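In what follows, a structure is listed as structure tokens, so that the remarks can point back to it.
The values are calculated or read from the model by the stated rules, or taken from the named source; none is laboratory data. If you're wondering where the values come from, they're calculated on a predicted model, not measured in any experiment. Cβ coordinates were reconstructed from backbone atoms using ideal geometry, including for glycine residues, and neighbour counts include every protein chain displayed.
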Amino acid sequence: MRDLDQVAITTNGLTLTRQLPALQKAGLDALNISLDTLKEERFELFTRRRGWAKVMASIDLAVQLGYKPVKVISLKSYINFKHKLVYTIFNQCV
């Protein structure tokens with residue numbers, strides 16, 4: 001991986017909390033997380049499974065591990081967690 005400028009993944013984030021520390025250690029340095037909706041009650045309707053809290057936990061862990069930015073793609077919005085203030089506001093609004 002010496003010749004690569006960046007190693008990135010796009011994920012739905014459901015199992016990312018278990019895998020992210022090892023992925024980061026292996027060289028992952030950029031994340032795109034798909035979040036089907038910003039509202040928990042709509043998540044199951046859209047995805048036909050539970051897991052909104054797991055995706056949110058993955059976003060939180062990515063921020064804690066220092067990923068900048070954490071790019072979150074949602075149906076109606078694109079959220080860039082580049083700044084702690086934006087992250088805090090997002091948490092309060094959700």
- Message: What's the number of the only condition in (1) surrounded by 15 or more Cβ atoms within 10 Å (Cβ to Cβ); (2) modelled with pLDDT under 90; (3) part of a helix (DSSP H, G or I); (4) hydrophobic (A, V, I, L, M, F, W, C) that residue 72 fails to meet?
- Response: (3)
- Message: Being closer than 12 Å to residue 62 by Cα, in contact (Cβ under 8 Å) with a residue 12 or more places away in the chain and not small (Gly, Ala, Ser) is the filter here; which residues of segment 12-35 pass it?
- Response: 16, 17, 20, 21, 23, 24, 28, 29, 31, 32, 33
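Among what's in segment 18-53 and is among the basic types (Lys, Arg) and either closer than 16 Å to residue 69 by Cα or assigned to a loop (DSSP other than H, G, I, E, B) (or both), pick the residue that is modelled with the lowest pLDDT.
Among residues in segment 18-53 that are among the basic types (Lys, Arg) and either closer than 16 Å to residue 69 by Cα or assigned to a loop (DSSP other than H, G, I, E, B) (or both), the one modelled with the lowest pLDDT is 39.
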- Task: Working carefully through the options 54, 39, find the one that is touching a residue at least 40 places away in the same chain (Cβ under 8 Å), farther than 14 Å from residue 73 by Cα and surrounded by 11 or more Cβ atoms within 10 Å (Cβ to Cβ).
- Result: 54
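Of all residues in segment 20-73 being charged (D, E, K, R) and within 8 Å of the chain's Cα centre (by Cα), which is farthest from residue 2 (Cα to Cα)?
So the residue we want is 60.
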- Take residue 15 and decide whether it is surrounded by 11 or more Cβ atoms within 10 Å (Cβ to Cβ), over 14 Å from residue 72 (Cα atoms) and under 13 Å from the mean Cα position of the chain (by Cα). yes
